[in-house]
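Accompanying notes for the structure given below.
Throughout, read-outs are computed from the coordinates displayed, never taken from laboratory work. As the structure is a computational prediction, the values presented were derived from the model and not from experiment. Cβ placement follows ideal geometry from the backbone for every residue including glycine, while neighbour counts extend to all protein chains displayed.
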Amino acid sequence: MSTRRDLPSSPYLAAARGRQPDRVPVWFMRQAGRSLPEYRALRANHGMLDACFTPDLVCEITMQPVRRHGVDAAILFSDIVVPLRASGIDLDIVPDVGPVIAQPVRTKSDVDAMKPLDPENVAPVAAAVELLVAELGDVPLIGFAGAPFTLASYLVEGGPSRNHERTKAMMFAEPETWHALMSVLTDITIGFLRAQLDSGVDAIQLFDSWAGTLSLADYRSHVLPHSTRVFDTLAGDGVPMTHFGVGTAELLGAMGEAGATVVGVDWRTALADAATRVGPGKALQGNLDPVVLLAGWPAVERAVRAVVADGRRAIAAGAAGHVFNLGHGVLPATDPGIVTDAVTLAHSL
């Protein structure tokens with residue numbers, strides 16, 4: 001097990017832990033990726049999953065936005081389906097499509113045939129974390145995983161889906177099969193995050209990208225117990241834990257109950273409103289609309305200032321802190337120079 005780093009000067013860790021940072025901490029989801037020419041040059045010769053299992057590449061890609069933008073945290077370059085692949089699921093990440101599952105999980109026998117995560121199969125990810133911890137200096141490293149519901153949606157649908165018809169059909173009509181699947185995926189998620197924590201990540205984030213397709217009642221009965229088990233199991237490590245989803249305005253209170261210390265907010269909900277929904281004691285992360293970064297500097301400047309001001313209102317309303325981020329990931333067409341300038345502006349405020 002790795003010894004946790006002591007990073008007392010980190011603005012990100014301060015805000016995520018409810019302390020006063022010396023500046024507004026900034027990082028961006030998908031900051032390491034398609035918006036960076038240096039990333040595209042590396043990926044020209046490497047498939048996505050191959051890159052995710054190659055420690056030197058993971059390290060280099062994770063470092064690129066830290067060097068270029070001066071962000072306050074690095075997030076491990078990986079993908080939410082990496083632990084599924086490491087558990088023996090036959091899948092690929094298809095360009096312009098996303099994860100595609102060769103044999104979708106649709107029946108109880110399919111669930112029973114699923115294998116647990118063997119830590120040896122994610123050893124390259126653990127090795128990449130160790131490389132990054134050595135290279136990042138005072139910049140914290142965020143590890144991450146996909147939440148059980150979002151992983152289930154890919155497995156059941158066979159790939160990305162607009163309406164999640166098969167996923168919800170299993171959830172509503174075959175609750176025993178559903179909860180069995182979610183239990184297996186919860187174990188896989190915990191195992192993947194455990195490997196990252198044992199290798200030295202300073203924080204973790206659970207991405208429940210598709211949870212916003214659910215009603216609050218359905219989220220509480222079919223998803224929340226499993227996400228809660230992830231956070232409860234890992235709480236003893238004492239690192240900041242962020243819970244994030246898209247379109248989750250009605251779910252924010254329940255997501256806060258799951259046990260994370262930070263709740264991510266997309267661009268649809270004001271941070272001050274999110275603070276009221278989540279309740280006191282949790283830090284908030286967000287929530288600039290990613291599309292604003294395509295709208296030219298005057299629009300970006302106004303929006304960055306507005307998000308920072310809204311973060312202050314959220315803290316006044318009971319939030320423990322505010323981490324500046326987007327409300328989702330950096331879009332591929334984003335000018336990296338605009339991203340750097342947005343970081344500089346947020347830091348100046």
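Can you give the net charge of the other residues whose Cβ lies under 10 Å from the Cβ of GLY256, counting K and R as +1 and D and E as -1?
On the way: positive: ARG277, LYS282; negative: GLU257.
Around GLY256, the charge tally is +1.
Any chance you could run the full-extension gain for ALA173 through ARG220? It's 0.36 nm times the residue separation minus the Cα-Cα distance, nm to one decimal.
Gain in length upon complete extension: 15.3 nm.
As I understand it, the dipole of the chain uses +1 on the Cβ of Lys and Arg and -1 on the Cβ of Asp and Glu, about the Cα centre. Which of LEU288, ALA147, GLY200 lies farthest toward its positive end?
Toward the positive end, the furthest listed residue is LEU288.
Quick one: among ALA180, ALA44, ALA86, which has the greatest mean-square fluctuation in a GNM of the chain with alpha-carbon springs under 10 angstrom?
ALA44
Between 0 and 90 degrees, rounded to the nearest ten: what's the tilt of helix 148-157 against the longest Cα principal axis of the chain?
That helix lies at roughly 50 degrees to the long axis.
For region 11-348, compute Rh as the Kirkwood radius over C-alpha pairs and then the Stokes-Einstein diffusion coefficient at 37 °C and 0.692 mPa s; write the answer in µm²/s, rounded to an integer.
Stokes-Einstein gives a translational diffusion coefficient of 165 µm²/s.
If the cut-off is a Cα-Cα distance under 12 Å, which aspartates and glutamates reach LYS108, setting aside same-chain residues fewer than 8 apart in sequence?
List returned: GLU174, GLU176.
Which value at 222 nm does the chain reach when only helices count, each DSSP H run of 4 or more adding -39,500 (n - 2.57), with the total divided by all residues and rounded to the nearest 500 deg cm²/dmol?
Counting only the DSSP helices, I get -14000 deg cm²/dmol.
Using only Cα atoms, tell me the angle between helix 55-69 and the longest principal axis of the chain; keep it within 0 to 90° and round to the nearest 10.
So the helix axis and the longest Cα principal axis differ by about 30 degrees.
Any idea what the dipole of the chain comes to, in debye rounded to 20, about its Cα centre with Lys/Arg Cβ at +1 and Asp/Glu Cβ at -1?
Dipole magnitude for the chain comes out near 820 debye.
Using only Cα atoms, tell me the angle between helix 297-316 and the longest principal axis of the chain; keep it within 0 to 90° and round to the nearest 10.
In the chain, helix 297-316 runs at an angle near 80 degrees to the longest axis.
Which of THR228, ILE190, THR276 sits farthest toward the positive end of the charge dipole of region 190-349, with +1 on the Cβ of Lys and Arg and -1 on the Cβ of Asp and Glu?
Highest projection toward the positive end goes to THR276.
How high is the relative contact order of the chain, given as a whole-number percent (alpha carbon pairs under 8 Å, six or more residues apart)?
For the chain, the relative contact order is 21 percent.
Given H placed on each backbone N at 1.01 Å, which residues far from GLN205 in sequence or on other chains put an amide H within less than 5 Å of it?
GLY143, PHE144, ALA145, THR242
Give the percent of DSSP beta bridges with both residues in region 11-348 that are antiparallel, rounded to the nearest 5. Present the calculation step by step, with values, prior to reporting the outcome.
Working: 4 of 26 bridges.
Beta bridges within region 11-348, antiparallel portion: roughly 15 percent.
Add +1 for every Lys or Arg and -1 for every Asp or Glu among the other residues with Cβ under 11 Å from the Cβ of LEU117, and state the total.
On the way: positive: ARG85, LYS115, ARG194; negative: ASP118, GLU120, ASP187.
Once positives and negatives cancel, what remains is 0.
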